[in-house]
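Undergrad: Here it is, the structure, as structure tokens.
The values are calculated or read from the model by the stated rules, or taken from the named source; none is laboratory data. Values in this document were obtained by computation on a predicted structure and should not be read as measured data. Because the Cβ atoms are built from the backbone with ideal geometry, glycine has one as well, and the counts that use them run over all protein chains shown.
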Amino acid sequence: MQVHLNELARLRIEGHPRGVTSVCSAHPIVLRAALRHGRQQASTVLIEATCNQVNHLGGYTGMTPSDFASLVRKIAVEEECPENLIVLGGDHLGPNPWRDRPAEEAMAEAEKMVAAYVDAGFRKIHLDASMGCKGEPVALDDETTAHRAARLAAVAEASAKKSGGAMPVYVIGTEVPPPGGADHALTTIEPTAASAALKTIEVHRRIFAEAGLGQAFGRAIGLVVQPGVEFGNHNVILYDRSKIDALKSMLTKEPQFVFEAHSTDYQGTRPLTALVEDGFPILKVGPELTFVLREALYALDAIASDLLPDYGQRPLYAAMEALMLDQPGNWSRHYHGTNAEMRWLRHYSLSDRIRYYWASAEAQDAVRQLCEALRGQIVPLPLFWQHMPAAQDFADAPLDPEQVLIWRVTKSLSDYHAACGVGKNCQSESRQEEKSMTELNGKIAAVTGAASGIGLASTEAMLAAGATVVLVDRDEKALETVCARLGERAIPLKINLLDPAECAGLLDGILSKTGKLDILHANAGTYIGGDLMETDLDTIDRMLNLNVNVVIKNVRNVIPHMIERGTGDIVVTSSVAGHSAIPWEPVYSSSKWAMTCFVQTMRRQLLKSGIRVGSVSPGPVISALLADWPEENLRKAKEAGALIEPKEVADAIIFMLTRPRNVTIRDIVVLPSAFDI
């Protein structure tokens with residue numbers, strides 16, 4: 001669910017703590033996974049950039065804040081993630097990137113950077129001026145830090161007022177050690193002392209007030225402290241809540257604040273949940289996400305080497321090794337030991353400093369070659385078991401490598417999402433949501449009548465759940481348009497199902513493109529209503545052929561393939577008219593009664609085959625039949641409970657398909673709330 005940052009303290013005080021995952025990465029695959037996950041879960045997507053990574057001079061990514069915001073928004077549009085779910089944050093904004101210069105010079109650059117962040121739409125601002133500049137101590141005292149933070153806050157306030165929109169919320173303080181993980185093996189990390197945390201807040205409050213920034217400080221929501229978690233190159237220090245009783249109790253004295261936890265990577269759901277419960281609802285993660293992305297890339301690299309004779313022996317790994325040796329600046333100061341030790345650290349260290357190289361041309365070329373080599377390949381199950389067992393659902397179907405990468409990043413994000421829900425019920429719901437959104441990974445579905453209406457909504461829902469979908473329709477132009485929008489896992493198949501020869505070739509057409517079929521949604525149909533005596537005979541024949549004969553033929557066509565494989569799902573679009581005698585549509589109602597009988601008899605006939613058969617029976621649906629209705633009339637009818645959207649029918653279909661295999665949903669009736677039949 002969506003949680004606003006300024007609600008976090010109130011939710012903690014009320015005893016209903018909720019959290020927000022802060023995704024700290026500029027990698028497009030990580031951003032895409034986060035935005036897709038946010039859309040699927042209707043949850044807040046907090047994406048943050050750091051001062052070294054993104055700044056007004058480009059940072060190490062080469063991106064300004066405006067560039068980064070544009071990238072996020074572009075991917076959000078592609079993933080259909082609503083803008084209201086997205087929060088952009090700036091992390092460690094201060095003079096740190098220019099700390100080798102005199103303080104005044106470094107602060108001048110920091111001011112320009114903060115203005116650029118706010119102008120670009122970043123509204124969560126972490127003010128961190130704690131590190132010394134040229135000639136100063138490494139770590140500054142609270143007074144100096146707060147004065148510099150207030151100076152930067154004044155810039156942020158002015159920029160926000162000038163650019164319009166919401167005013168920023170602020171996070172103050174810093175964590176020890178510096179961001180990005182430690183360089184050595186760790187044994188313990190002591191949490192921040194409660195007295196030190198209180199002093200940081202008190203000093204900042206006073207100095208902000210003296211600077212006329214009391215309103216800005218009133219929007220300070222978070223304090224960065226060390227909760228006792230960290231990761232080094234080799235190991236992870238897990239959260240120990242027994243050590244933070246004093247720190248946690250400090251929040252009762254400062255109800256405006258919550259804690260922001262940095263370096264929570266690799267903790268797992270249980271420690272993350274404890275952090276949220278204990279007052280650390282902002283959970284920052286970065287290196288873990290690029291670590292698991294690298295893990296998936298290297299697994300695919302190994303799979304391609306084993307599967308494709310001309311691919312070579314792990315060329316992606318070789319390209320990254322050559323790149324890091326040629327440009328050692330991002331790792332040489334952080335990795336120590338023998339040549340062999342430094343070699344494995346370069347690739348597999350938990351600090352994941354290889355992440356700084358993925359944006360290079362050499363790395364992008366190697367990843368592109370890997371994805372092109374594997375795209376559309378059928379990867380046998382044993383190869384996934386060998387190199388990436390958890391991804392076994394992608395086996396034995398045309399592979400989309402990018403979807404594997406997104407899936408792997410999403411698995412880590414799911415741990416955070418579960419922790420941010422907190423509480424048994426929320427976590428259970430979260431796990432079920434995650435399961436339903438990934439359970440069709442590797443499945444091949446075919447949907448008839450897929451270019452519009454319920455068929456299109458069903459297609460989109462199955463794609464979102466991880467399936468590859470063959471869209472069957474007679475409208476070739478509409479298929480091309482839809483598939484271009486939906487991406488590579490949407491495969492067009494033009495068939496006129498009323499042509500007996502084309503209809504008989506349905507399964508062959510599907511298998512020629514995918515090699516197998518797991519799910520058939522027999523959806524194609526048409527409608528006529530009105531008085532029987534006024535209905536044209538050819539129209540009656542056409543409707544009965546499409547609504548009854550074609551469905552029976554399609555099911556008969558795919559059954560032998562599913563029986564041979566010992567598994568399959570068949571869903572037929574019926575109607576509430578197949579459960580009630582509707583006097584104003586006698587022919588249509590009769591065709592749907594026939595489908596109700598057909599589904600129930602076929603379910604019983606196929607009981608022992610491993611094939612599940614069911615139907616979805618919607619009431620009135622907003623469709624092309626209502627294309628001439630004014631939009632205002634449609635809205636009012638929906639609000640009055642007289643119409644439902646195709647997506648609401650598709651949600652029921654996904655529910656049917658994602659039940660455990662020992663459960664069959666024979667029929668789901670989906671009605672508008674005020675529909676009285």
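Undergrad: Filter segment 566-589 down to residues that are modelled with pLDDT of 90 or more and not in a loop (DSSP other than H, G, I, E, B) and give me whichever is farthest from residue 653 (Cα to Cα).
TA: Selected residue: 568.
Undergrad: Which one is surrounded by the most Cβ atoms within 10 Å (Cβ to Cβ) among residues in segment 84-109 that are over 12 Å from residue 133 (Cα atoms) and out of contact with any His (no Cβ under 9 Å at 6 or more places or on another chain)?
TA: Of the residues in segment 84-109, the ones over 12 Å from residue 133 (Cα atoms) are 84-93, 108-109.
Remaining after also requiring out of contact with any His (no Cβ under 9 Å at 6 or more places or on another chain): 84-86, 88, 108.
Working: 84: 8, 85: 17, 86: 19, 88: 21, 108: 14.
The selected residue is 88.
One line per residue, one yes/no per condition, for (1) hydroxyl-bearing (Ser, Thr, Tyr); (2) modelled with pLDDT under 95; (3) assigned to a helix (DSSP H, G or I):
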position: 265; (1), (2), (3): no, no, no
position: 276; (1), (2), (3): no, no, yes
position: 279; (1), (2), (3): no, no, no
position: 284; (1), (2), (3): no, no, no
position: 290; (1), (2), (3): yes, no, yes
position: 294; (1), (2), (3): no, no, yes
position: 304; (1), (2), (3): no, no, yes
position: 313; (1), (2), (3): no, no, no
position: 318; (1), (2), (3): no, no, yes
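Undergrad: Further question: Does at least one position in segment 353-373 carry a residue that is farther than 30 Å from residue 58 by Cβ and touching a residue at least 24 places away in the same chain (Cβ under 8 Å)? Steps first, please.
TA: Residues of segment 353-373 that are farther than 30 Å from residue 58 by Cβ, as a first pass: 373.
Checking the rest, the ones that are also touching a residue at least 24 places away in the same chain (Cβ under 8 Å) come to 373.
Taking every residue of segment 353-373 in turn, at least one turns out to be farther than 30 Å from residue 58 by Cβ and touching a residue at least 24 places away in the same chain (Cβ under 8 Å).
Undergrad: Pick out the one residue from 88, 127, 152 that is in contact with a helix residue (DSSP H, G or I) (Cβ under 7 Å, 6 or more places away or on another chain) and closer than 25 Å to residue 32 by Cα.
TA: Working: 127 fails: closer than 25 Å to residue 32 by Cα; 152 fails: closer than 25 Å to residue 32 by Cα.
That would be 88, the only listed residue that is in contact with a helix residue (DSSP H, G or I) (Cβ under 7 Å, 6 or more places away or on another chain) and closer than 25 Å to residue 32 by Cα.
Undergrad: Being under 26 Å from residue 166 (Cβ atoms) and in contact with a Lys or Arg (Cβ under 6 Å, 6 or more places away or on another chain) is the filter here, so list the residues in segment 88-106 that pass it.
TA: 89
Undergrad: Any idea which residue in segment 52-69 is surrounded by the fewest Cβ atoms within 10 Å (Cβ to Cβ), counting only those that are in contact (Cβ under 8 Å) with a residue 24 or more places away in the chain and of a type in the set (Gly, Ala, Ser)?
TA: Pass one, segment 52-69, residues in contact (Cβ under 8 Å) with a residue 24 or more places away in the chain: 52-57, 59-66, 68-69.
Now drop any that are not of a type in the set (Gly, Ala, Ser), which leaves 59, 62, 66, 69.
Details: 59: 21, 62: 11, 66: 16, 69: 21.
Among them, the one singled out is 62.
Undergrad: Among the listed residues 13, 75, which satisfies the condition of being touching a residue at least 40 places away in the same chain (Cβ under 8 Å) and under 29 Å from residue 218 (Cα atoms)?
TA: Values: 75 fails: under 29 Å from residue 218 (Cα atoms).
The unique qualifying residue is 13.
Undergrad: Output the strands (runs of 3 or more DSSP E) that fall wholly within segment 442-544 and possess 2 or more residues being surrounded by 22 or more Cβ atoms within 10 Å (Cβ to Cβ) and touching a Gly at 6+ places or on another chain (Cβ under 9 Å), or say none.
TA: Numbers: elements: 444-448, 468-473, 490-494, 519-522.
Output list reads 444-448, 468-473, 519-522.
Undergrad: Considering 331, 385, which residue is without any contact (Cβ under 8 Å) to a residue 12 or more places away in the chain and aromatic (Phe, Trp, Tyr)? So that I can check it myself, show each step before the final result.
TA: Details: 331 fails: without any contact (Cβ under 8 Å) to a residue 12 or more places away in the chain.
From the options 331, 385, the qualifying one is 385.
Undergrad: Next question. Scan segment 591-613 for residues that are assigned to a helix (DSSP H, G or I) and either surrounded by fewer than 17 Cβ atoms within 10 Å (Cβ to Cβ) or in contact with a Gly (Cβ under 9 Å, 6 or more places away or on another chain) (or both) and report the count. Outline the logic, then answer.
TA: Kept after step one, since they are assigned to a helix (DSSP H, G or I), are these residues of segment 591-613: 591-605.
From the residues that got through so far, the ones that are either surrounded by fewer than 17 Cβ atoms within 10 Å (Cβ to Cβ) or in contact with a Gly (Cβ under 9 Å, 6 or more places away or on another chain) (or both) too are 591-597, 599-601, 603-605.
Selection size over segment 591-613: 13.
Undergrad: Specify the residue that is farthest from residue 229 (Cα to Cα); the eligible residues are those in segment 344-357 that are surrounded by fewer than 21 Cβ atoms within 10 Å (Cβ to Cβ) and among the hydrophobic types (A, V, I, L, M, F, W, C).
TA: Only one residue fits best here, namely 344.
Undergrad: Test residue 25 against the stated conditions and say whether it is at pLDDT 95 or above, of a type in the set (Ser, Thr, Tyr) and touching a Gly at 6+ places or on another chain (Cβ under 6 Å).
TA: It is true that residue 25 is at pLDDT 95 or above, of a type in the set (Ser, Thr, Tyr) and touching a Gly at 6+ places or on another chain (Cβ under 6 Å).
Undergrad: Since residue 457 meets every condition but one in (1) touching a Pro at 6+ places or on another chain (Cβ under 6 Å); (2) farther than 20 Å from residue 647 by Cα, which condition does it not meet?
TA: All conditions are met except number (2).
Undergrad: For residues that are touching a Leu at 6+ places or on another chain (Cβ under 6 Å) and either closer than 16 Å to residue 335 by Cα or in contact (Cβ under 8 Å) with a residue 40 or more places away in the chain (or both), tally how many sit in segment 236-247. It would help to see each step written out before you state the result.
TA: Step one: of segment 236-247, the residues touching a Leu at 6+ places or on another chain (Cβ under 6 Å) are 237, 239.
Checking the rest, the ones that are also either closer than 16 Å to residue 335 by Cα or in contact (Cβ under 8 Å) with a residue 40 or more places away in the chain (or both) come to 237.
Total meeting the criteria: 1.
Undergrad: Also, quick follow-up: For segment 238-253, does any single residue satisfy the condition of being assigned to a strand (DSSP E or B), of a type outside the set (Val, Ile, Thr) and modelled with pLDDT under 95?
TA: For segment 238-253, residues assigned to a strand (DSSP E or B), of a type outside the set (Val, Ile, Thr) and modelled with pLDDT under 95: absent.
Undergrad: How many residues does segment 108-124 hold that are part of a helix (DSSP H, G or I) and closer than 15 Å to residue 165 by Cβ? Even if it seems obvious, please write down each step before you answer.
TA: Within segment 108-124, the subset part of a helix (DSSP H, G or I) is 108-119.
Still in the list and also closer than 15 Å to residue 165 by Cβ: 115, 117-119.
Qualifying residue count, segment 108-124: 4.
Undergrad: Could you give every pair whose Cβ atoms fall below 8 Å, whose first residue belongs to segment 31-51 and is farther than 13 Å from residue 79 by Cα and at pLDDT 95 or above, and whose second residue is of a type in the set (Ser, Thr, Tyr) and assigned to a strand (DSSP E or B), counting only separations of at least 6 or pairs across chains?
TA: Listed pairs, sorted by first residue: 46/21; 46/22; 47/22; 48/22.
Undergrad: If you go through segment 623-646 one residue at a time, do you hit one that is at pLDDT 80 or above and surrounded by fewer than 19 Cβ atoms within 10 Å (Cβ to Cβ)?
TA: Taking segment 623-646 and keeping what is at pLDDT 80 or above, we get 643-646.
Okay, now just the ones that are also surrounded by fewer than 19 Cβ atoms within 10 Å (Cβ to Cβ), so 645.
Checked segment 623-646: at least one residue is at pLDDT 80 or above and surrounded by fewer than 19 Cβ atoms within 10 Å (Cβ to Cβ).
Undergrad: Exactly one of these conditions fails for residue 330: (1) surrounded by fewer than 14 Cβ atoms within 10 Å (Cβ to Cβ); (2) at pLDDT below 95. Give me its number.
TA: (1)
Undergrad: Anything in segment 506-526 that is out of contact with any strand residue (DSSP E or B) (no Cβ under 8 Å at 6 or more places or on another chain) and among the polar types (S, T, N, Q)? List them, or say none. First the steps, then the outcome.
TA: So in segment 506-526, the residues out of contact with any strand residue (DSSP E or B) (no Cβ under 8 Å at 6 or more places or on another chain) come out as 507-508, 511-512, 526.
Answer for segment 506-526, where residues must be out of contact with any strand residue (DSSP E or B) (no Cβ under 8 Å at 6 or more places or on another chain) and among the polar types (S, T, N, Q): 512, 526.
Undergrad: Let me ask something else. Within segment 123-145, work out how many residues are buried (at least 23 other Cβ atoms within 10 Å of the Cβ) and in contact (Cβ under 8 Å) with a residue 60 or more places away in the chain.
TA: Total meeting the criteria: 3.
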